[in-house]
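Notes follow the structure.
The values are calculated or read from the model by the stated rules, or taken from the named source; none is laboratory data. Fair warning: this is a prediction, and the values are worked out from it, not measured in the lab. Using ideal geometry, Cβ is built from the backbone for each residue, glycine included, and neighbour counts are taken over all protein chains shown. Surface accessibility is based on the protein's heavy atoms, side chains included, excluding ligands, DNA and RNA. Shrake-Rupley method; radii C 1.70, N 1.55, O 1.52, S 1.80 Å.
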Protein chains: 2
Amino acid sequence: MKANIFVTLKKEVLDPQGDAVRRSLTSLGFEEVKSARVGKLIELELDGNDTAAAESHIQSMCEKLLANPVIEDFHYEIVD
Amino acid sequence: MKANIFVTLKKEVLDPQGDAVRRSLTSLGFEEVKSARVGKLIELELDGNDTAAAESHIQSMCEKLLANPVIEDFHYEIVD
C-alpha cells in the first residue's frame, strides 16, 4: 500500500521560503504568481492491506513525527 | 487560480532524509513502513483564468527553478 502525506504551513504562519520562491519566479518573468507556499510531500510504502488501520496509523505518524501541529497542517491519501 | 506542484527525487536517487524518516517511524513502533521518500509540495496562487497557459507556464517554472531535472521529477495539478 502507498500513502502520500502532505504537510503544509498553517495559513497564519509566515513562509519565507515560499516568499523567496515567489520573488524568484517574478524575477524570471512569471508575474502572474501572487503567492507561493512550500510544504512537504512524504511518500510512504506500507505493508498490509487494511486501509482503515493504515489511515489511523498515518494520522498517528503525522501527529507524533511528520508534522508539527503548532505550525503545520497535514492531510494524506492512500494511493493503492 | 491555484496550482499544486509536487517535486520528488527520482527513484534511482538516494534519499537520506526519507531513510531517516523511515527509521524514526520504525523506532516509534510503525514497523509496517517499508520505505519513505521526502519531496516538496509547492502551492502557487496565480492570476488569470487560462488553464492551458497556466499549465505551460508551470511546466516552465519547474524546468527553470522549482525542480532540478537531473535528480528530481515533478508533476502538478491545477486546483481551481
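Select, from B:25, B:66, B:9, the only residue that is closer than 15 Å to residue A:37 by Cα and within 11 Å of another protein chain (Cβ to nearest Cβ).
Details: B:25 fails: closer than 15 Å to residue A:37 by Cα; B:9 fails: closer than 15 Å to residue A:37 by Cα.
Criteria check complete, one pass: B:66.
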Which listed residue is at pLDDT 95 or above and on the phi > 0 side of the Ramachandran plot, from A:29, A:39: A:29
Open to solvent by less than 70 Å² (accessible area, probe 1.4 Å), out of contact with any Phe, Trp or Tyr (no Cβ under 6 Å at 6 or more places or on another chain), on the phi < 0 side of the Ramachandran plot and hydroxyl-bearing (Ser, Thr, Tyr): does that describe residue B:60? yes
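Can you name the residue in the stretch B:1-29 that is out of contact with any strand residue (DSSP E or B) (no Cβ under 7 Å at 6 or more places or on another chain) and within 15 Å of residue A:42 (Cα to Cα) and, of all such residues, is most open to solvent (accessible area, probe 1.4 Å)? Steps first, please.
Step one: filter the stretch B:1-29 for residues out of contact with any strand residue (DSSP E or B) (no Cβ under 7 Å at 6 or more places or on another chain), giving B:11-14, B:16, B:19-20, B:23-24, B:27-29.
Those left that are additionally within 15 Å of residue A:42 (Cα to Cα): B:11, B:14, B:16, B:19-20, B:23-24.
Numbers: B:11: 184, B:14: 148, B:16: 98, B:19: 64, B:20: 41, B:23: 137, B:24: 44 Å².
This residue is B:11.
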Residue hits (the stretch A:28-63; more than 17 Å from the chain's Cα centre (by Cα), within 9 Å of another protein chain (Cβ to nearest Cβ) and touching a residue at least 40 places away in the same chain (Cβ under 8 Å)) are A:46, A:47, A:48, A:54
